[in-house]
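> Sharing a structure here in structure tokens format.
Please treat every number below as a calculation from the coordinates, not as lab data. All of these numbers come straight from a predicted model, not from anything done at the bench. Here Cβ is always computed from backbone atoms with ideal geometry, including for glycine, and neighbour counts include all displayed protein chains.
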Amino acid sequence: VQLQASGGGLVQAGASLRLSCAASGHSVSSYAVAWFRQAPGSQRDFVAGINWLGSNTYYADSVKGRFTISRDNAKNTVYLQMNSLRPEDTAVYYCAARNTYGSVRQDHHEYSLWGQGTEVTVSS
């Protein structure tokens, strides 16, 4: 399975972006999928996660109410809708998937599949 993250870009504060994480090679419908982000000089932080059914979602406190994670298993894709973007959201965003029917974890070490990252820059 390969994950391809896309949708990043340069936007002004208050704008919106939608990131996509498309899987190829195998269905990820049975995987929990999460988004992480990493700013320069910082650790990789959990942003949002969704279980394999799509019935449970989880968010970092810093993005609650602004970001929404969703999945379309028919398209083998997970999305991260980001609204009301702030300069502190600037980072490289990565999608990751973990074991079959696994639950969401906020520790990036728990994820074995990673996309290549997509850069998000929010100007003030």
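> Where a ≥ b ≥ c are the square roots of the eigenvalues of the C-alpha gyration tensor, would you call region 12-53 rounded, which needs a/c under 1.5, or, failing that, prolate if a/b is larger than b/c, or oblate?
Numbers: a/c = 2.24, a/b = 1.64, b/c = 1.37.
Prolate shape, in that a/c is at least 1.5 and a/b is the bigger ratio.
> Also, I was wondering about something else. What are the trypsin sites (Lys or Arg not before Pro) within region 54-104 that DSSP puts in a loop, where the Cβ has at most 16 other Cβ atoms within 10 Å? Each step should come with its number before you reach the end.
Working: sites: Lys64, Arg66, Arg71, Lys75, Arg98; in loops: Lys64, Arg66, Lys75.
Qualifying residues, ordered by number: Lys64, Arg66, Lys75.
> Taking the Cα centre of region 24-102 as origin, sum charge times position over the Cβ atoms of Lys and Arg (+1) and Asp and Glu (-1), and report the length of that vector in debye to the nearest 20.
Values: 8 positive and 5 negative charges, 18 e Å.
Dipole about the Cα centre, nearest 20: 80 debye.
> Using +1 at the Cβ of each Lys and Arg and -1 at the Cβ of each Asp and Glu in region 34-103, identify which of Tyr58, Ala97, Gln81 lies farthest towards the dipole's positive end.
Positive-most Cα among the choices belongs to Ala97.
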